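The values are calculated or read from the model by the stated rules, or taken from the named source; none is laboratory data. Small disclaimer: the values here were computed from a predicted structure and weren't measured. We place every Cβ from the backbone using ideal geometry, glycine too, and count neighbours over all the protein chains shown.
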Amino acid sequence: MAKLMAHCGARVVSREELATIPAPAPMGPRHRPVPHIDVVNTLTRALHAKNIGIESEQFAVGGTTGKGRDIRPAAGDLTLFGVVDLKVNDCPALRDWTNSERGFSIGIRSNNAQKFAIRMIAGVNVFVCDNLAFAGEEDLLRKLHTTGLTDQSLLLAMIDALDRVVGSQAKLAHHIELMEQTTVRDVMARAIMHRLFEKGLLPLRMLKAVASTYFEPDPEWTDTTPRTLWGLQNAVTRVLRDEPLNRKLEMTRRVGGAFEAIVASHRDREV
């Protein structure tokens, strides 16, 4: 699921409108502004090179003020914000562990006034906002707007980034398979929950909800019914669904790391 929010001066635009926005003049001898449409079209070419289609896309343009740690959003068209939802069925590595409900997305950001680099992130949950919030499970690309950045080098960098994310999702699919095969007794499930809260990975206010979601799930929550590590992790992430996106992403990352450690220590044997 990708979300693009424009509420701090940016305006939502189509791909066709992006093509009408020219790049500004260079701000120095090594500065190479990249037209927003070139960033988007290069990403599209990279996706096509990996046989991945686009399900939907959203773009916005805005500006920035300040510098360094004091960069703030503003009106204008020097900054590109975008999210792209992918057709996961086009890519086996993505299809094997996602579905139409979860999906998989790319987030992009670029600024032609030397405020920040061309960035690309990816994940099931991607959030891009003109308040400069930029969050996803994987940070894929960071390229400065310099004369050393050519159209071809940007394309190759994006293809390489997609190769990495596809590879990481294949590893994740294997990790999920191991969790699905690792059964968990109720006493150990309670111990794992206690560990998550004891380490501060989740706020204590969620303890009751996590326990009830796993031990007394709604009949429709089939993802939480298996008495496995996968069912337990699904119970935790289901509780996180209603949290603000940035907080949800951070807590999901923490929980995922904790379950990775559990799988590593209990691989090939029952917990």
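Please tell me if Ser153 is loosely packed, with under 13 Cβ neighbours inside 10 Å, among the hydroxyl-bearing types (Ser, Thr, Tyr) and either under 16 Å from the mean Cα position of the chain (by Cα) or over 18 Å from Gly257 (Cα atoms) (or both).
Spelling it out, Ser153 is indeed loosely packed, with under 13 Cβ neighbours inside 10 Å, among the hydroxyl-bearing types (Ser, Thr, Tyr) and either under 16 Å from the mean Cα position of the chain (by Cα) or over 18 Å from Gly257 (Cα atoms) (or both).
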With the requirement that a residue be basic (Lys, Arg), surrounded by fewer than 13 Cβ atoms within 10 Å (Cβ to Cβ) and over 26 Å from the mean Cα position of the chain (by Cα), what does segment 169-194 give you? Arg185
Return yes or no: is Ile106 farther than 27 Å from Ile54 by Cβ, of a type in the set (A, V, I, L, M, F, W, C) and either in a helix (DSSP H, G or I) or not assigned by TED's automatic domain parsing to the domain that holds Arg247 (or both)? no
Looking at segment 237-260, which of its residues are exposed (fewer than 15 other Cβ atoms within 10 Å of the Cβ) and either polar (S, T, N, Q) or in the same structural domain as Phe134 (by TED's automatic domain parsing) (or both)? Asn246
Flagged in segment 113-144 as crowded, with 22+ Cβ neighbours inside 10 Å and touching a Cys at 6+ places or on another chain (Cβ under 7 Å), in numbering order, are Asp130
